1. Within the stretch A:58-75, is even one residue within 16 Å of DNA strand C (Cβ to nearest atom), open to solvent by 80 Å² or more (accessible area, probe 1.4 Å), free of Cβ contacts under 8 Å to residues at least 40 places away in the same chain and farther than 27 Å from A:Tyr118 by Cβ?
2. Can you pull out every residue in the stretch A:87-125 that is within 13 Å of DNA strand C (Cβ to nearest atom), open to solvent by 80 Å² or more (accessible area, probe 1.4 Å) and more than 30 Å from A:Ala346 (Cα to Cα)?
3. How do the helices (runs of 4 or more DSSP H) wholly within the stretch A:148-204 filter down when requiring 1 or more residues that are near DNA strand C (Cβ under 9 Å from one of its atoms), open to solvent by 30 Å² or more (accessible area, probe 1.4 Å) and not hydrophobic (A, V, I, L, M, F, W, C): which remain?
4. So A:Asn251 ticks every box in (1) more than 16 Å from DNA strand B (Cβ to nearest atom); (2) without any contact (Cβ under 8 Å) to a residue 40 or more places away in the chain; (3) outside any loop (DSSP other than H, G, I, E, B); (4) within 30 Å of A:Asp81 (Cβ to Cβ) but one. Which box is left unticked?
5. A:Asn68 - would you say it is touching a Lys or Arg at 6+ places or on another chain (Cβ under 9 Å) and of a type in the set (S, T, N, Q)?
6. May I ask you to list pairs of residues, at least six apart or on different chains, whose Cβ atoms are under 9 Å apart, with the first in the stretch A:229-243 being aliphatic (A, V, I, L, M) and the second being open to solvent by 40 Å² or more (accessible area, probe 1.4 Å) and near DNA strand C (Cβ under 8 Å from one of its atoms)?
7. For the stretch A:41-57, give me each residue that is in contact with a Leu (Cβ under 9 Å, 6 or more places away or on another chain) and either within 14 Å of DNA strand C (Cβ to nearest atom) or free of Cβ contacts under 8 Å to residues at least 40 places away in the same chain (or both).
8. Output the qualifying pairs, or none if there are none: Cβ atoms under 7 angstrom, residues six or more apart or on different chains, first residue in the stretch A:305-333 and assigned to a strand (DSSP E or B), second residue surrounded by 10 or more Cβ atoms within 10 Å (Cβ to Cβ) and small (Gly, Ala, Ser).
Amino acid sequence: MQSFKISKTLVHISMEFAQTILNWYNIYKRELPWRGESDPYKIWISEVILQQTRVDQGKSYYYKFVENFPKVSDLANADEDFVMKCWQGLGYYSRARNLQFSAKYITKELNGEFPNSYKKLLELKGVGPYVAAAVASIAFQEKVAAIDGNVYRVLGRIFGIDKAIDTSAGKKYYQQLGNELIKNSNAGDFNQAVMEFGALHCSPKQPKCESCPFSENCIALRDNKIEQLPVKSKKVKQRDRFFHYLLVNSNDEIMIGKRTGKDIWNSLYEFPLVETPQKMEPEAFLSSEYFPEKLKSCNLNWKGVQNMKPHILSHQRIHAQFYEFEIEGELPVFGEYSVIKKKDIANFAFPRLIELYLTNSHKMG
DNA sequence: AAATCGGGGGC
DNA sequence: GCCCCAGATTT
């Protein structure tokens with residue numbers, strides 16, 4: 001807060017900051033599907049979709065959700081596989097499961113009355129400080145700052161904050177600063193304005209400092225620290241994984257199973273999967289201990305294998321191969337997998353990696 | 001506090 | 001390749 005003249009009080013600073021950012025917002029804000037929405041349920045949907053997700057990527061999913069589940073009770077009563085199918089391709093699939101879990105909670109336990117405060121919203125599964133603040137401010141005008149990646153960047157730069165955004169002390173500091181700045185504003189507009197400013201003007205790379213309404217007061221600009229702020233302390237490391245998908249086909253049927261557990265892609269479907277600790281060539285894999293005994297003994301006809309380019313996730317590089325088998329007659333009972341008609345395959349939600357394979361192999365015939 | 005959970009886009 | 005995106009939960 002040293003960026004403003006020392007004689008100014010916090011009230012003056014917050015009013016000046018808010019007025020500047022709201023002026024900018026009124027001129028440059030984008031038209032977005034959820035802009036002007038007053039239904040807290042739909043605002044909630046939009047905010048969950050937009051977690052760690054760009055607006056351009058989330059838009060079509062927002063339309064899909066409000067169309068298929070126009071009310072919270074529609075989402076509560078929907079088939080889980082259909083909800084996951086609507087989320088397919090968006091990533092972080094626990095968001096979809098938690099969304100429906102909380103929709104059931106609101107519908108059944110709260111008699112359909114949507115939580116109407118920051119504190120009550122925080123009790124929903126999948127709702128953290130950001131979403132609770134966003135919904136509370138936009139739907140209920142509660143004066144609580146929604147601190148997302150954009151806001152960290154905008155405040156971090158303008159106020160020259162040296163606290164790291166991925167520490168609890170840093171998060172607390174930013175939240176308190178935001179809560180001061182929002183005090184004299186329409187909370188919903190204020191939060192959306194700061195985020196929009198971060199997305200369009202104070203961007204991570206090549207921010208438009210030359211035309212910035214805060215250029216006179218921005219500490220980062222003054223000290224030439226635009227590239228360094230906001231401060232982050234952690235670094236992510238990736239691990240390699242080696243997946244062998246087994247396509248067990250008959251004429252018109254194929255084997256799939258639903259993933260459970262704490263690994264990636266929980267609640268999505270997949271083909272029988274074997275993971276090996278290191279890279280293995282197809283021939284070596286097929287005659288190895290890793291290839292399931294149950295399948296060795298049932299007269300599989302190996303048609304070929306398709307090698308995918310590494311599938312890159314935030315913490316993993318997945319090297320996948322798809323083995324195509326044909327089998328005469330009935331498909332065997334195998335593990336937790338079940339047999340479906342190939343024509344029904346589009347009803348199930350698959351990871352992007354499998355979707356890519358299906359698209360490719362379909363194209364190739 | 002650190003690790004994990006996806007997928008896509010910009011450079 | 002690296003960084004980041006209208007973050008939250010688990011360990």
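1. Checked the stretch A:58-75: at least one residue is within 16 Å of DNA strand C (Cβ to nearest atom), open to solvent by 80 Å² or more (accessible area, probe 1.4 Å), free of Cβ contacts under 8 Å to residues at least 40 places away in the same chain and farther than 27 Å from A:Tyr118 by Cβ.
2. A:Glu123
3. Hits in the stretch A:148-204: A:149-158.
4. Only one criterion in (1) more than 16 Å from DNA strand B (Cβ to nearest atom); (2) without any contact (Cβ under 8 Å) to a residue 40 or more places away in the chain; (3) outside any loop (DSSP other than H, G, I, E, B); (4) within 30 Å of A:Asp81 (Cβ to Cβ) is unmet by A:Asn251, namely (3).
5. Against the criterion (touching a Lys or Arg at 6+ places or on another chain (Cβ under 9 Å) and of a type in the set (S, T, N, Q)), A:Asn68 does not qualify.
6. That search, which allows pairs on different chains as well, returns A:Val236/A:Ser314.
7. A:Trp44, A:Ile45, A:Ser46, A:Val48, A:Ile49, A:Thr53, A:Val55, A:Gln57
8. Qualifying pairs under 7 Å: A:Gln306/A:Ser361; A:His311/A:Ala320; A:Glu324/A:Gly304; A:Ile327/A:Ser250.
The values are calculated or read from the model by the stated rules, or taken from the named source; none is laboratory data. Values in this document were obtained by computation on a predicted structure and should not be read as measured data. Reconstructed Cβ throughout: ideal geometry from the backbone, glycine too, with neighbour counts over all protein chains shown. These accessible areas exclude ligands, DNA and RNA; they are computed on the full protein's heavy atoms, side chains included. Shrake-Rupley method; radii C 1.70, N 1.55, O 1.52, S 1.80 Å.
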